[in-house]
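K.L.:
One structure, pasted below without further comment.
No value in this document is a laboratory result; all are computed from the given coordinates. As the structure is a prediction and not an experimental result, all values here were calculated from the model. Neighbour counts run over all protein chains shown; Cβ positions are idealised from the backbone, glycine included.
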Amino acid sequence: MSGRFLVGEESCIDRQLLGQGQRVLVTGASGFLGSHLCRRLILSGVEVHAISRTLEGPPSENPRWWRVDLEDLMATKNVFEKVNPHVVFHLSGHVTGDPDIRHVLPTFRSQLLTTVHVLTISAEIGCRRIILTGSLTEPQAGQVDSPPSSPYAASKWAGNAFGRMFQCLYQTPVVIVRPFMAFGPNQNPNKVIPYSIQSFLKGDQPKLTSGKWHADWIYVDDVIDGFMAAVEVHGIEGSTVDLGTGQLVSVEAIVRQIVEIMDVKIEPQFGALSGRPSEEVRAADLDHTRRVLGWEPKISTHEGIKRTVEWHRSPDPIRAVIPTVVKRG
């Protein structure tokens, strides 16, 4: 099952943006969310153009892969003009919550600079909808004096400020979607859920932080439904919506669920690693998302973990998500 639409008086589905013959461009298409989004878009019947800096797929009509560094303005403009997309999903960037200073410049270039490039070019060619991705690590509304907790959080905050500026000054149809702690098949193996699952499969004890940090965990299929709703609902340009469950669950509780589902007798090593001192603890504003998108998550955390465990146990899990993606060096 997947997230459902609850369409009421304040939202109106506009299927024309994702109908047959529509062109959709996805940046960061080889990443965790990007790979799932591309698959869903292909199933919906649209023409998908997938951008990646380091990965590309074999020749195919759908998706068509473009190897582009979005930090290069002219190269980015060249692809956008060739594709002339109706809809753009901007998911690419250097993703890490590590506050170390070495991440400042890579994050600035890959997150903020590329977002400004995408917004400027999309406005020039007249895209019908641009979806930017926010982060739960951004300072919350009304906390303008609260410093971001990492270079990544700062770049997301600034990039989305540019998105709101483009919407206000140039009527660029921007919608900002803020996924919370998404998890599921094909996630970075260093993330806590896939790392713990793989450790247990190998018979190892996962080395973790204290496990006391709480987060709003959301299964990837529901996140992708939220992205789709952000395109299909009419008249929400300029909105920022959270994609989460609205509930906080500790890392320890998540890992204990994995232990239960996998039926292993291995004890996780909580406290083996140090945590980050300023990690955000925040749940999604689900009431606002229901009002704007008419959407809510459908898959429980326990069911999502069960599906993720099954995927990791499958003989060739990568191909189960996006079979056309292959490494090119």
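K.L.:
Checking the a/c ratio against 1.5 first, then a/b against b/c, what shape does the Cα gyration tensor give for the stretch 254-296? Mind dumping the intermediate values first?
P.N.:
Working: a/c = 7.12, a/b = 1.68, b/c = 4.23.
Here the stretch 254-296 falls in the oblate category.
K.L.:
Once Rh for the chain is found with the Kirkwood sum over Cα pairs, what is the Stokes-Einstein diffusion coefficient at 10 °C and 1.306 mPa s, in µm²/s?
P.N.:
Result for D is 78 µm²/s.
K.L.:
What does the net charge come to around residue 34 if you take all other residues with beta carbon closer than 12 Å to its beta carbon, with K and R at +1 and D and E at -1?
P.N.:
+3
K.L.:
Net charge near residue 135: determine it from the other residues with C-beta under 13 Å of the C-beta of residue 135, scoring Lys and Arg +1 and Asp and Glu -1.
P.N.:
The answer is -2.
K.L.:
Apply the Karplus curve 6.51 cos²θ - 1.76 cosθ + 1.60, θ = phi - 60°, to the phi angles in the stretch 227-237 and return the couplings in whole Hz, x for Gly and Pro.
P.N.:
4, 5, 5, 5, 9, 7, 8, 7, x, 10, 4
K.L.:
If we count other beta carbons within 10 Å of each Cβ, what is the order of 279, 267, 303, fewest first?
P.N.:
By the 10 Å Cβ count, ascending: 267, 303, 279.
K.L.:
For the stretch 46-52, in order, what is each residue's ³J(HN,Hα) by Karplus, 6.51 cos²θ - 1.76 cosθ + 1.60 with θ = phi - 60°, in whole Hz (x at glycine and Pro)?
P.N.:
Calculated HN-Hα couplings, in order: 8, 8, 9, 10, 10, 9, 8 Hz.
K.L.:
Sort the stretch 182-227 into rounded, prolate or oblate with this rule: let a ≥ b ≥ c be the square roots of the eigenvalues of the Cα gyration tensor; rounded if a/c is under 1.5, and if a/c is not under 1.5, prolate when a/b is larger than b/c, oblate otherwise.
P.N.:
Numbers: a/c = 3.48, a/b = 1.58, b/c = 2.21.
Since a/c reaches 1.5 but b/c is at least a/b, the shape of the stretch 182-227 is classed as oblate.
K.L.:
Then there is this: No solvent, one uniform scatterer per C-alpha: report log10 I(q)/I(0) for the stretch 196-277 via the Debye equation at q = 0.15 1/Å, two decimals.
P.N.:
-0.69
K.L.:
Output the antiparallel fraction of DSSP beta bridges having both residues in the chain, as a percent to the nearest 5.
P.N.:
Around 20 percent antiparallel, to the nearest 5.
K.L.:
Using modelled backbone amide H atoms (1.01 Å from N, in-plane), which distant-in-sequence or interchain residues come within less than 5 Å of residue 247's amide H?
P.N.:
Sorted by chain and number, the residues that satisfy this are 284.
K.L.:
Starting from the 7 Å offset along Cα-to-Cβ, what nm value, one decimal, do you get for the label separation of residue 161 and residue 61?
P.N.:
Roughly 4.6 nm, to one decimal.
K.L.:
In whole Hz, with x marking every Gly and Pro, tabulate ³J(HN,Hα) for the stretch 122-131 from phi via Karplus 6.51 cos²θ - 1.76 cosθ + 1.60, θ = phi - 60°.
P.N.:
With coefficients 6.51, -1.76 and 1.60, one gets 4, 5, 5, 8, x, 5, 7, 7, 10, 9 Hz.
K.L.:
Still on this structure, I have one more. Quick check: from the Cα gyration tensor, does the stretch 159-201 come out rounded (a/c under 1.5), prolate or oblate?
P.N.:
The shape class here is prolate.
K.L.:
Let me check the size of the stretch 96-176 from its C-alpha atoms; what are the radius of gyration and Dmax in Å?
P.N.:
Cα only, the stretch 96-176: 13.0, 38 Å (Rg, Dmax).
K.L.:
I've got another one for you. Amide H of residue 295: which non-local residues (sequence gap of 5 or more, or other chain) have their own amide H closer than 5 Å, using H built in the peptide plane?
P.N.:
6, 290
K.L.:
Would you mind checking 212/306; 82/156; 207/265; 156/202; 265/306; 207/306 for any pair whose Cα atoms are more than 25 angstrom apart?
P.N.:
Long pairs (Cα-Cα over 25 Å): 82/156; 156/202.
K.L.:
Separate question: Taking H as built 1.01 Å from N, whose amide H comes closer than 5 Å to the amide H of residue 218, not counting residues under 5 places away?
P.N.:
181, 182, 183
K.L.:
Normalising by the residue count of the chain, find the relative contact order in percent from Cα pairs under 8 Å and 6+ residues apart.
P.N.:
23 percent.
K.L.:
At 0.36 nm per residue, minus the direct Cα-Cα distance, what do residue 310 and residue 188 gain on full extension? Give it in nm, one decimal, please.
P.N.:
In short, 42.3 nm is gained.
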